[in-house]
Amino acid sequence: MKVGVIGAGAVGVAAASWLLRDGHEVFIVEPGGVAEGSSFGNAGCLNPSSVVPMSMPGNLPKVPGWLLDPMGPLSIRWSYAPRIAPWIYQFIKAGTPDRVRQQSVALQALLHDSAGVYAPLVKNAGAEHLIRRNGHLCVYRTRADLEADAFAWQLRRERGIRFDVLERDALWQQEPSLSHDYALGVFFPDNAHTVDPNKLIGSLADAFLRDGGRIVKARATGIEMTGEKVTGIRSDAGLLAADAVVVAAGAHSKPFTAEMGDSVPLDTERGYHIIIKDPEAVPRTSIMDASGKFVATPMDMGLRLAGTVEFAGLEAAPDWRRARKLLALGQRLFPGLAQAYAEERLSVWMGFRASMPDSLPVIGRSRRSAQVIYAFGHGHVGLAGGAQTGRLVADLVAGRHPIIPIDPFRPDRFA
Ligand SMILES: Cc1cc2nc3c(=O)[nH]c(=O)nc-3n(C[C@H](O)[C@H](O)[C@H](O)COP(=O)(O)OP(=O)(O)OC[C@H]3O[C@@H](n4cnc5c(N)ncnc54)[C@H](O)[C@@H]3O)c2cc1C
């Protein structure tokens, strides 16, 4: 078949790569560079342990505190509040213990052995040097903070995620750069990270081009159909003929679903990063600060501090104060960092997570045509879940039984 993929992020590039391996003629439509969307600036974690959805029982009472805390992990641009309200309503509804357990099972299937699922693509691209399979640490300041996350730890145990709890000296030996204000940590030996997400996905895209794929630099504007049959992708570079279309435009996927008759509550949780070039303190692995709710990852370009959730839609200008707050949180985590930095040592970024209220992506066929396949909405785990999603897309295009159950990801689950 001739398959057109809309979007060259982690998901689109992985899907295109698996489709090419299946022998299809494949092109990607992308108006910018490869992996310049959300896939550019994430924390780089390939964490099978991310089986805990964002909406959890007990989170709701914490929200006012998070919103009021200037260092807090959550903010809402008040002008956007009426637009995000229905999404937040669905988010709250998704947080019952039963639903959380179901979401967690689906996440475990999607994220299992994330680095291993990428491995054939990474090997083919000669990009093994961009992956570190050396685990991940989640750190807490107090035992009460750890105990407050008891349900999350129970979920991980139920999903068979391996982890070791480290206390004080054991933790500080494991991670010498860590502040001794953090007395407890949990080490995940099976997690991995990339030292440059943009280069990783860029390398996969280079291999895709080398192996016969095509990237068309254009903005897709719609999907051309004759009855239920797909004939191509409309774009600002004209009509691009295709027998099947994969929608992998991340947070910008909604117009395509509307055109296909699907009502999908996709919105964006904007996130930020700040990078310290040549940092004085470098952790051995990626570290999640469970109280600050951000991740510090040692990368090729420096120490990346990434996280926060901001509800402000796709149009509003970035609020760079949120990236600066990550620097202050990073200085609290690693006392070896300098107290102040010259601007040329820092760089900031904002990206649009494509987020569904139940923390699960949309992977499946459109209502109007079986040849239009959705692959977006991965929220906080789209890098980790990119390769597996790509395999599922290839299964759907080929008419094969999907390698994992995809019913939890069906597009009409909120209809
Ligand atoms: C601060 C932060 C930290 C994160 N940390 C992690 C992490 O550690 N691990 C993890 O797994 N995930 C993480 N994520 C989430 C992860 O980055 C995303 O889930 C993932 O990058 C989504 O990939 P994608 O391909 O779906 O979307 P994107 O990377 O956003 O790609 C979508 C592409 O579609 C293109 N596009 C848009 N509209 C059109 C159109 N009309 N026509 C053609 N192309 C179009 C865009 O230009 C873009 O290139 C993080 C996100 C943020 C913001």
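Every read-out reported here was derived from the displayed coordinates using simple, explicitly stated rules and does not represent laboratory data. Here the structure is a predicted model, which means the values were calculated and not measured. So basically every Cβ, Gly included, is an ideal-geometry build from the backbone, and we count neighbours across all protein chains shown.
Straight Cα distances below 19 angstrom link Lys277 to the aspartates and glutamates Asp196, Asp300, Glu343, Glu344, with same-chain residues fewer than 8 positions distant left out.
May I ask you to derive the FRET efficiency for Ala415 and Asn59 from their Cβ-Cβ distance with R0 = 22 Å, giving the value to the nearest 0.05? Numbers along the way, then the final one.
Numbers: r = 25 Å, r/R0 = 1.15.
Between Ala415 and Asn59 the formula returns 0.30.
The modelled label-to-label distance between Thr231 and Gln154, using points 7 Å beyond Cα along the C-beta direction, is 5.7 nm.
Each of Arg214 and Arg101 was given a label point 7 Å from its Cα along the Cα-to-Cβ line. The distance between the two points is 5.1 nm. Projected onto its three principal axes, the C-alpha set of segment 140-239 covers 63, 32, 23 Å, listed from the longest axis down.
Distance distribution P(r), segment 251-408, all Cα-Cα pairs, bin width 5 angstrom from 0: 2, 8, 16, 17, 15, 12, 10, 9, 6, 3, 1, 0 percent. Once you reduce segment 246-310 and segment 175-241 to the center of their Cα atoms, the two points are 13 Å from each other. When the scattering of segment 133-199 is computed by the Debye formula from its Cα atoms alone, each counted once and equally, what is log10 I(q)/I(0) at q = 0.22, 0.24 Å⁻¹? Listed by q, the Debye log ratios stand at -0.99, -1.08.
Averaging over all projection directions, find the projected area of the Cα convex hull of segment 3-49 and quote it in nm² with one decimal place. Please list the in-between numbers first.
Numbers: hull surface 15.6 nm².
Across all orientations, segment 3-49 yields a mean hull projection of 3.9 nm².
Taking the convex hull of the alpha carbon atoms in segment 240-325, what volume per residue do you get, in Å³? Mind showing how you got there, number by number?
Details: hull volume 15.6 nm³, N = 86.
Enclosed volume per residue, from the Cα hull, is 181 Å³.
Its residues counted as N, segment 68-203 yields a C-alpha radius of gyration over 2.2 N^0.38 Å of 1.31. Within the chain, DSSP assigns beta bridges of which about 70% are antiparallel (rounded to the nearest 5).
Compared with the dominant principal axis of the Cα atoms in the chain, helix 10-21 is inclined by about 50°.
Tell me the angle of helix 97-111 to the major Cα principal axis of the chain, expressed in degrees between 0 and 90 and rounded to the nearest ten. Approximately 70 degrees, to the nearest 10.
Assuming a viscosity of 1.002 mPa s and a temperature of 20 °C, what translational diffusion coefficient in µm² per second does Stokes-Einstein assign to the chain, Rh being the Kirkwood radius over Cα pairs? Approximately 99 µm²/s, per Stokes-Einstein.
Would you mind calculating the gained length between Glu128 and Lys93 on full extension (0.36 nm times residue separation, minus the Cα-Cα distance), in nm to one decimal?
8.5 nm
Strictly greater than 17 Å: what percent of every Cα pair in segment 114-156 meets that? Don't jump to the answer; show the numbers that get you there.
Details: 483 of 903 pairs.
Percentage above 17 Å: 53.
Could you name the aspartates and glutamates whose alpha carbon sits less than 15 Å from that of Lys229, not counting residues in the same chain fewer than 8 places away? Hits, sequence-local ones excluded: Asp243, Glu259. Axis angle, to the nearest 10 degrees, between helix 81-93 and the longest C-alpha principal axis of the chain: 80 degrees.
Remind me, relative contact order of segment 150-266 in percent, using alpha carbon pairs under 8 angstrom and six or more residues apart?
Working: 96 pairs, mean separation 14.6, N = 117.
Computed over segment 150-266, the figure is 12 percent.
Centre-to-centre separation between the Cα atoms of segment 138-161 and those of segment 360-390: 28 Å. Entry note, the chain: relative contact order of 26 percent, from Cα contacts under 8 Å with a spacing of 6+ residues. Of the Cα atoms belonging to segment 75-145, the radius of gyration and Dmax stand at 18.9, 47 Å. Restricting the calculation to alpha carbons of segment 48-108 gives Rg and Dmax of 13.1, 36 angstrom.
Can you pull the Rg over Rh of segment 8-109, Cα-only, Kirkwood? Let's see the in-between values first.
Details: Rg = 18.2 Å, Rh = 17.1 Å.
My calculation puts Rg/Rh at 1.06.
The value for segment 364-415 of Rg(Cα) / (2.2 N^0.38 Å) is 1.10. For segment 157-311, the alpha carbon positions stretch 66, 35, 30 Å along the principal axes, listed from largest to smallest. Normalised size of segment 198-285, defined as Cα radius of gyration per 2.2 N^0.38 Å with N residues, equals 1.53.
In terms of the mean number of neighbouring beta-carbon atoms within 10 Å, the peptides 291-302, 1-12, 216-227, 125-136 order highest first as 1-12, 291-302, 125-136, 216-227.
With n ≥ 4 as the cut-off for DSSP H runs, can you work out [θ] at 222 nm for the chain, using -39500 (n - 2.57) per run divided by the number of residues, rounded to the nearest 500?
Working: 13 runs with 129 residues, N = 415.
About -9000 deg cm²/dmol.
Among all the lysines, which ones have a C-alpha under 27 Å from Lys123's C-alpha, if same-chain residues fewer than 8 places away are not counted? Leaving aside lysines fewer than 8 places away in the same chain, those within reach of Lys123 are Lys2, Lys199, Lys217. Taking 1.567 mPa s as the viscosity and 4 °C as the temperature, the Stokes-Einstein diffusion coefficient of segment 315-415 based on its alpha-carbon Kirkwood radius rounds to 77 µm²/s.
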